1. Can you run down the residue pairs with Cβ atoms below 8 Å, 6 or more apart or on separate chains, where the first is in the stretch 44-55 and within 15 Å of Thr23 (Cβ to Cβ) and the partner is among the aromatic types (Phe, Trp, Tyr) and surrounded by 10 or more Cβ atoms within 10 Å (Cβ to Cβ)?
2. Quick one: in the stretch 1-14, of everything that is assigned to a loop (DSSP other than H, G, I, E, B) and of a type in the set (S, T, N, Q), which residue is nearest to Lys53 (Cα to Cα)?
3. Condition first: surrounded by 11 or more Cβ atoms within 10 Å (Cβ to Cβ) and either in a loop (DSSP other than H, G, I, E, B) or at positive phi (or both). Now tell me which residues in the stretch 15-51 satisfy that.
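None of the figures in this text is laboratory data; all of them are computed from the coordinates on show. These figures come from a predicted structure and were not determined experimentally. Neighbour counts run over all protein chains shown; Cβ positions are idealised from the backbone, glycine included.
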Amino acid sequence: MRTVIITITDEFGNVTNNPKKNTYQLDLETKGFDSIEKAVINFKNKMLPDLQKQLLEKEQ
C-alpha cells in the first residue's frame, strides 16, 4: 500500500498544516492501469474536501 502525505507551506517554506492529519493510503489492488486510476480517483475524492476545509479554516 502506498502512502500520500500532503504538506502545505507558506511563501517562506513554513509548514502551515499538520502533515499527520493529511496522510492518505492509496489502495492499489494490482499494478494495472485500472487499479491505479481507481486509487487516484478515490484519493482525490477523499483528499480534496479535507484540504479545502483546512484551508478555509486557516483563513477564518
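1. Listed by first residue and then by second, the contacts come to Lys46/Tyr24; Met47/Tyr24.
2. So in the stretch 1-14, the residues assigned to a loop (DSSP other than H, G, I, E, B) come out as 1, 6-8, 10-14.
Okay, now just the ones that are also of a type in the set (S, T, N, Q), so 7, 14.
Working: Thr7: 15, Asn14: 20 Å.
The qualifying residue nearest to Lys53 (Cα to Cα) is Thr7.
3. Once the filter is applied, which keeps residues that are surrounded by 11 or more Cβ atoms within 10 Å (Cβ to Cβ) and either in a loop (DSSP other than H, G, I, E, B) or at positive phi (or both), the stretch 15-51 yields Thr16, Asn17, Asn18, Pro19, Asn22, Asp27, Leu28.
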